[in-house]
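> I have a structure here, written as structure tokens, and I will follow up with some questions on it.
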Amino acid sequence: MPYLRQILSDKGKNVFTAPPSMSVFEAIQTMSDLNVGALLVVENDKLIGLFSERDYLRKIALKFRSSRETQLSEVMSSPVLCADLNDKVNHCMALMTKHHYRHLPVLEEGKLCGIISMGDLVGFLLREKEVELDQLNQYIAGGY
């Protein structure tokens, strides 16, 4: 069974963070510029929240709040459920599905080292199944 370590070694460990004092407008502008669906909210090198497109829709747009006047600390999701770099992919997929999360920060020895999305997990598992299918086809065709 594959581990998150494998996904992050392929994807990279880039983590985009924001301070809790950042305005929601600046955050969504940053997310758009970076083409990401979430920012991790960090204060004093500690993960304190996560702000996602879903948070914007539910906590700003639908409540008619001002994105320019609202800080991330007011609308971020907190506390943040995290995974460990050595967690299995299927475990994380089940966890994200159960809690309806699309993003999961990843820790290594308690320190932030990456973030995975549901799309990352699905893509990884699809590629793994394609390799397995190719191997089976080669075996059946006598390629071994």
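> With a cap of 15 neighbouring Cβ atoms within 10 Å, and only residues DSSP puts in a loop, list the chymotrypsin sites (Phe, Trp or Tyr not before Pro) found in region 23-119.
Those that pass, being in a loop and sparsely packed, are Phe64.
> Using only helices, what value at 222 nm comes out for the chain when you add -39,500 (n - 2.57) per DSSP H run of length 4 or more and divide by the total residues, to the nearest 500 deg cm²/dmol?
Roughly -12500 deg cm²/dmol at 222 nm, from the helical runs in the chain.
> Something else now. Greater than 28 Å separation of Cα atoms is the criterion. Which listed pairs, Lys98/Lys129; Lys11/Lys63; Lys88/Lys111; Lys46/Lys129, meet it?
Those over the limit are Lys11/Lys63; Lys46/Lys129.
> Kindly identify region 62-144 as rounded, prolate or oblate by the Cα gyration tensor criterion: order the square roots of the eigenvalues as a ≥ b ≥ c, call it rounded if a/c is under 1.5, otherwise compare a/b with b/c, prolate if a/b is larger, else oblate.
Note, shape of region 62-144 comes out prolate.
> If I model a spin label at Phe64 and Ile140 as a point 7 Å from the Cα along the Cα→Cβ vector, what separation in nanometres do I get?
6.0 nm
> Let me ask something else. Within region 86-101, whose backbone N sits under 19 Å from a point 7 Å along Cα→Cβ of Asn14?
Under 19 Å, as judged by backbone N against the label point of Asn14, lies no residue of region 86-101.
> Thr30 to Gln6: FRET efficiency via 1/(1 + (r/R0)^6), r the Cβ-Cβ distance, R0 22 Å, to the nearest 0.05?
Rounded to the nearest 0.05, the efficiency is 0.20.
> How big is the shadow of the Cα convex hull of the chain, averaged over all directions, in nm²?
That works out to 10.3 nm², a quarter of the Cα hull's surface.
> So, one more: Taking H placed 1.01 Å from N in the peptide plane, check which residues at least 5 places from Tyr3 or on another chain put their amide H under 5 Å from its amide H.
Close amide H contacts, sequence-distant or interchain: Val89.
Bear in mind that the values in this text are calculations on the coordinates, not laboratory data. Just so we're clear, the structure is a prediction, and the values are computed from it rather than from any experiment. Counting neighbours? That spans all protein chains shown, and the Cβs are built from the backbone with ideal geometry, glycine included.
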